[in-house]
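Notes follow the structure.
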Amino acid sequence: MVTKYDVFLYLGDKNTSAKTPEIMKWFGKRNYEYSNIYRICSDLTGEGLISKTNQGFQIKLSKKSQLLYRLITYCVSNGINYNYLIDKGLADFIAKALLKIEFSSKDFDIDPKTFRKHAETLSKYGLIIKMSEKPFNARIVWNTLLANILQYFNVRALVKKEKKISILKNIENELRIFNKNVQKNEKGYQSLIEDFEIKFIHSSLSLEGNPITLPDTIKILKNRIIPKNERDEDVREIQNYQIATNDMLKDSLEGNALNKDKILNYHFLAMQHNEKIAGKFRKKQVHIRGNPNFKVAHWKSMEKHLEELLEEYNKFISKKHNIKDIIRFTAYFHNQFQHIHPFADGNSRVTRLLAFHILRYFKFPVLDIPLGLLEQYLSNTKGYKKRNDDNLNETLQLIILYNLKIIDEKLF
């Protein structure tokens, strides 16, 4: 069924006027459905999102229509069903959830079915992290997407200041469930890895400016179909990162420890589309574009710093550790490697591979950064004003718990 947001997106992409028959033809509708399409256009006109001219209907230039178009195109790019997410009831739900550090159904004066629908919509796209299922308890993740949804519906919200609440016990409990589920359904777990991997590749490279959408990333990596009008370099970047990710997965599964050669190889595989730098340490000074606060090691001392980090790593993996120490060390290793910045380009994407290798080496089934946590992750890594490994530690805990919850739900 064609929705008003579908029609709005069509008109926005077209960027010119279109009459009702033309809109019907685009959506493959027959003559008897004319009145329904016309009604949708009339509703959009009444909301001030489009206008009617002699040439047909067209987008009305306003802050509201521009915001809606950004929202919808962002959803499309990230494989989100915008018809579920751009909803006034959901906006009200978000505003109420933000009043609590962790919320439950008791915090809402709505029927259980509606609560479950909104919670599942947000959970599906990684915009809330479930702490427990029975009783249901979750944490909403504040980010620009949620802010824009609230702004579009003119819903005001007070964002509860984050209080440090440990979720290590949640992770420990979920790990036990995961290990039991995998023993029963190893084949099912392996089939999930591909979908997680593709989402991770898309989100990881989108942080580096790759414009290819999640649906097109799936076509490229899963269906081996190259969409039209995509730059060859962007496509190869995605394909190469999958090769590097697969290599990391194999190494962590087999218990192969990280070393300088493996790091160089991950970089070579991920950056093959740039032969001049692929698999080679930098020989010049570099900086983080757009963040003067982020200081990287001088290129002349960079290899020495890397050797020291790998010495710390080898000492760490030679002993048994609890969950808390593993996540803390992963956060430290991540930020320290980014500070060393051993390559001319591709440092961040390799850093994520290394961090996930460490977690998977210690049997944490992590291979995705949920959409809702991307901004938080970025602000605690190369986007930070001041390095704070404790903040990244907390973000990693949420990422780990999200991965465990989603995997366990699917396996169960």
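The values are calculated or read from the model by the stated rules, or taken from the named source; none is laboratory data. Computed from a predicted structure; not experimentally measured. Quick reminder, even Gly has a Cβ in these numbers, built from the backbone with ideal geometry, and neighbours come from all protein chains shown.
For this structure, a couple of remarks:
- Checked against the criterion of being more than 22 Å from residue 403 (Cβ to Cβ) and not acidic (Asp, Glu), the candidates 79, 126, 89 yield just one match: 89.
- Residues located in the range 52-73, provided they are farther than 15 Å from residue 10 by Cβ and among the small types (Gly, Ala, Ser): 62
- Of the residues making up the range 364-399, those that are within 11 Å of the chain's Cα centre (by Cα) and of a type in the set (D, E, K, R) are 368, 375.
- From 256, 240, residue being within 23 Å of the chain's Cα centre (by Cα) and either assigned by TED's automatic domain parsing to the domain that holds residue 344 or not aromatic (Phe, Trp, Tyr) (or both): 240
- Residue, modelled with the highest pLDDT, within the range 47-71, restricted to residues that are of a type in the set (Ser, Thr, Tyr) and farther than 16 Å from residue 148 by Cα: 51
- Some residue of the range 16-23 being of a type in the set (S, T, N, Q), closer than 21 Å to residue 152 by Cα and either out of contact with any Gly (no Cβ under 9 Å at 6 or more places or on another chain) or at pLDDT 95 or above (or both): no
- Just one of (1) in contact with an Asp or Glu (Cβ under 9 Å, 6 or more places away or on another chain); (2) at pLDDT 95 or above fails for residue 74. It is (1).
- Checking 351, 330 one by one, the residue that is over 21 Å from residue 101 (Cβ atoms), of a type in the set (Val, Ile, Thr) and more than 18 Å from the chain's Cα centre (by Cα) is 330 and no other.
Results for (1) assigned by TED's automatic domain parsing to the domain that holds residue 173; (2) touching a Leu at 6+ places or on another chain (Cβ under 8 Å); (3) among the aliphatic types (A, V, I, L, M), shown as yes or no for each residue.
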site	(1), (2), (3)
90	no, yes, yes
94	no, yes, yes
98	no, yes, yes
104	no, no, no
108	no, no, no
114	no, no, no
125	no, yes, no
132	no, no, no
135	no, no, no
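- Of the listed requirements (1) farther than 16 Å from residue 350 by Cβ; (2) crowded, with 17+ Cβ neighbours inside 10 Å; (3) at pLDDT 95 or above, residue 205 misses just one: (1).
- Residue within the range 315-326 that is assigned by TED's automatic domain parsing to the domain that holds residue 382, among the polar types (S, T, N, Q) and either in a helix (DSSP H, G or I) or buried (at least 16 other Cβ atoms within 10 Å of the Cβ) (or both) present: no
- Set 243, 226, 218: member being surrounded by fewer than 16 Cβ atoms within 10 Å (Cβ to Cβ) and either in a helix (DSSP H, G or I) or not aliphatic (A, V, I, L, M) (or both): 243
- Close contacts from the range 180-204, counting a first residue that is in a helix (DSSP H, G or I) and a second that is among the basic types (Lys, Arg), with Cβ to Cβ under 6 Å and a gap of 6+ residues or different chains, come to 192/410; 204/349; 204/352.
- Residue ranges of helices (runs of 4 or more DSSP H) in the range 44-135 with at least 3 members of a type in the set (A, V, I, L, M, F, W, C): 63-77, 88-97, 112-124
- Selection count, the range 147-171, where residues are without any contact (Cβ under 8 Å) to a residue 60 or more places away in the chain and not in a loop (DSSP other than H, G, I, E, B): 3
- Taken as a whole, the range 127-147 holds at least one residue that is modelled with pLDDT of 90 or more, within 17 Å of the chain's Cα centre (by Cα) and among the charged types (D, E, K, R).
- Residue check: residue 293 meets all listed conditions (1) loosely packed, with under 13 Cβ neighbours inside 10 Å; (2) within 25 Å of the chain's Cα centre (by Cα); (3) within 19 Å of residue 345 (Cβ to Cβ) but one, namely (3).
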